[in-house]
Structure formats: C-alpha cells, structure tokens
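I have placed the structure first, in the form of structure tokens, so that the comments after it can refer back to it.
What follows is calculated from the coordinates using simple rules that are stated; it is not laboratory data. All values reported here derive from a predicted model rather than from experimental measurement. When we count neighbours, we look across all protein chains shown, and the Cβ atoms used for this are built from the backbone with ideal geometry, even at glycine.
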Amino acid sequence: MSSAIQGFNARMQGLTRLAEAHLLLCAQQLQQAMDTLRGDARYSDPRSLVPFGKKVYSQNDEDGLIAEIFNRIGTTDRSFIEFGIGDGLENNSYALLFQGWRGTWIEGSETATAAIRRGLPNTIASGTLKVIHSFITRENIDKLLATAGERREVDLLSVDIDGNDFHVFDAITVVDPRVLVIEYNAKFPPPVSFCMDYDANHVWAGDDCFGASLTFLEVACRRKGYVLVGCNLTGANAFFVRKDLVGDKFLPPFTAEHHYEPARYFLTQTKSGHRASFNALERSINSRTSAHAADVI
C-alpha cells in the first residue's frame, strides 16, 4: 500500500473518530437539556408525569410516561393497539412487548409492514403481535380492529398518523381504550383550537398542516370521556386517561394551558443504548410467552 493511500486512510479514520466524538457530545448535551427541563419546579409535584420520561424504543421519552401511567392505574390484560408504527423499531408499544404485553400494529407502508414481518416472525407466530398493513381512515378503522379480533377494552391506544389522528380516534366504536396517546400539533399553543379538516387521502407533507392543537384535543377528548394528564417534553404526544380511572393519581388542572409542552423536536435526537433491532425480542419470545402464560394461570 502506498504512503499516500495509508495517509488518506489515516485521515479518514481520524475524521470518523472526530465525527463519533461530536455525535457523543451532542447526545450528552441533549440528555443534559432534558434532565434540566425535568428538574424544573413546574414538575415538582409527585403527580406530574414529566419526570418519569424515558426512552427505550419510543421516539422520545414516551416509554417512561406510559410505564408510569400504568403504575398508577394498573393494567387489565396488558393489551395495546398502535397506528402508524413505522418500521416497528421506534414507537410507543415496542418496549411493552418485552413486558408480556400483546397487541396490534397497523401501518400504512407496505415496505415497513413487510420488514416487520420479516424481522418478527416468532413474535407474530406466537400470537403476541398482530401486524396489519392498511392506510387508515375513519371509514375503515372499526373494520380493521374487528378483523384483528381486539376485545372491547384495551389498556393502551396510541395514534400517530400525521394528520387525521383525532378524526380516526373519534370514529372508533369497537374498542374502549383505558389510556390514549395521541400526537398533537405543538405549533398552536393554548388557547388556540385547531384541527385540520378530515381528508381520507391526506399524506403529511412535513409542514404544519397536521393533526390538532392540544386545546382542541383536551376539549374533544373530554367529551369522549378522557382526561388530559400530561404531555412529553418534546411537545409531540399528549396522554389521556379514561375519566373513571383518574382519581387523585394525576396532576390537575387537566387543561391544555397547564400541561402544554412546546415543540422541542430537537430533543428527539437522544439515544437509548445501542442501535435498535428485532433480535432481542425475537430471541426471547419463547421465555417471555411462557412467563406470561404462567402469570395468567
């Protein structure tokens, strides 16, 4: 190998190490920013959800918030439904599969759905996870859930379809979720009440035309029997609990003004351990299925 090539390789290795060090520094700074935010006096009441935020496989800190909600209200059969799960490696229910939960994923991308089926054949074959490929509308959502055989009451429903989120949730009649996680449009702070008009063919263009503001969701979901109990720090998702389960377990007032978090999408860059894969779940499915069966018995 010539000295010129050796020199070039050495420089490239040096640049790679520099880039890795830069990424690590950025991740550390973002994590520090999130820790600083969680330490704000606004969240000091033990009923606040924000300090419990943690990322395992969620896009942001939703995994920790979901876990804390169910720590407070308990579970029934540990069942979930999630719409808009992408490639399956970064959503609000993947982490639950490691804890004996079962559920249904519905995804509009045929490519993503095929990748999930290739990556999780044992998990799907065990009956732990159902994967449905379909573009979701308010006209077909009940049929999709009925086809999946979901029972009337499910513990968790997570909705993130970048547009018709509330319209689809509002159309559901065949299931009754105890907890709802739904994306909100943080562009519009309280008291702005915004909801995009329903369009069955809507595909998000990456702009601010999507979903609904937190104020709209607070009022509309209250009419359906759900109480706003918090939002995650990045301003991406709102968390609602069915009114009969709230009691004194969460922080009032249950209003958009009190729980609104602005858009801090830059915090989405935080990491959790090594690169996500399907391998960990697939290679432990048998032991987890047996353990869950023992719990049921």
Seminar exercise, completed: Taking placed amide H atoms and a strict 5 Å upper bound, the residues 5 or more places from I81 or on another chain that come that close are T104, L156, L157, S158
For this session: Would you kindly derive the ³J(HN,Hα) couplings of segment 85-97 from the backbone phi angles with the Karplus curve 6.51 cos²θ - 1.76 cosθ + 1.60 (θ = phi - 60°), listing them in order in whole Hz, with x for Gly and Pro?
Result: 9, x, 7, x, 9, 8, 8, 8, 10, 4, 4, 5, 5
Exercise. How many percent of DSSP beta bridges within segment 45-296 run antiparallel, rounded to 5?
Worked result: 35 percent
Problem set entry | Ellipsoid semi-axes in whole angstrom, largest first, where each is sqrt(5λ) of the Cα gyration tensor of the chain | 32, 26, 21
Problem set entry | Residue pairs, from the table K143/K187; K54/K249; K224/K249; K187/K271, whose Cα atoms sit over 30 Å apart | K143/K187
Problem set entry | Ellipticity estimate at 222 nm from DSSP helix runs (n ≥ 4, -39,500 (n - 2.57)) divided over the chain, nearest 500 | -11000 deg cm²/dmol
Exercise. Label A67 and V203 with points 7 Å out from Cα along Cα→Cβ: what is the distance between them in nm?
Worked result: 3.7 nm
Exercise. Using all Cα-Cα distances in segment 108-186, what percent lands in each 5 angstrom bin from 0 up to the longest?
Worked result: 3, 13, 21, 25, 21, 13, 3, 0
Exercise. Going by average Cβ neighbours within 10 Å, how do the peptides 90-98, 258-266 rank, with the highest at the top?
Worked result: 90-98, 258-266
Exercise. Fewest first, what order do W105, W204 take by the number of other Cβ atoms within 10 Å?
Worked result: W204, W105
Problem set entry | Relative packing of peptides 129-136, 80-87 - highest average C-beta neighbours within 10 Å first | 80-87, 129-136
